[in-house]
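Computed from the coordinates by the stated procedures, all read-outs in this text should not be read as laboratory data. The model shown is predicted, which means the values in this text are computed figures rather than measured ones.
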Amino acid sequence: MAETATESSSGEDLSVSPASESKKKERNERQTLASMAEDLQRNVISSTDSAIRSARSLHHNSSAHFRNLQEFVANAKSHYKTYEDTFFNTVKGPRRFLFRHTLGRLRSEEAQFVKAEKNVKELSLSVDVMKNESRKLLERAALAEKDMKYGHTELMKAGNQIQHLAKSVYKVEAQAADLVDGLRETPGREALKLRAEVASVLSHLKKQRVELDKRIMQISDLGVPV
């Protein structure tokens, strides 16, 4: 029975699926990534703090401290480079991951800002164009309204004058008609000739009166009081 248990245990070890091994490997890589990131962050912070302390000391010490600071910064950069190379060589694909979540995100936000700024400029330009066009149209409308009011006043004056003239023509027409009737009763060639002349004038007055009445109706149809 001991041999059977041993064989069963061996069978269970061999039955571990490739998917489980892949998940375990991925989990180990994530842990390694997190550990390396923490170490990298601690070393960067430590190097920065040390550099700041050295820089403050430089303000009060001699040039020898400056050379020490330069050597320290060089060593810190070399130490940081070693961690970086180890970090990126250990875990598969971390550069793209970090770029996407750091510099990539910053560039994406910058691109969005640039695009939004461009849209704002285009919108402002469109608004300025519409403002200028609106100002021109309003000026034209104001001039047209002014011309319309002036034209309305002038048309009303002209209508009144035409109506007054039509009344005068009508009176002269009536007088000419009476004169023609009186000449019909007067014998002689001279009376006949004079009657013909007056009849011609009467015909002309009738035509003139019809034209004046027609023009008065047109002005009235435009809504201008006559």
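Brief remarks on what is shown
- Gain on full stretching of the segment that runs from GLU122 to ASP181 - 0.36 nm per residue minus C-alpha separation: 12.8 nm
- With 5 Å bins beginning at zero, the pair-distance distribution over Cα atoms of region 118-221 amounts to 2, 11, 12, 10, 8, 8, 7, 6, 6, 5, 5, 4, 4, 3, 3, 2, 2, 1, 1, 0, 0 %.
- Value of relative contact order over region 118-221, rounded to a whole percent, pairs C-alpha under 8 Å and six or more apart: 32
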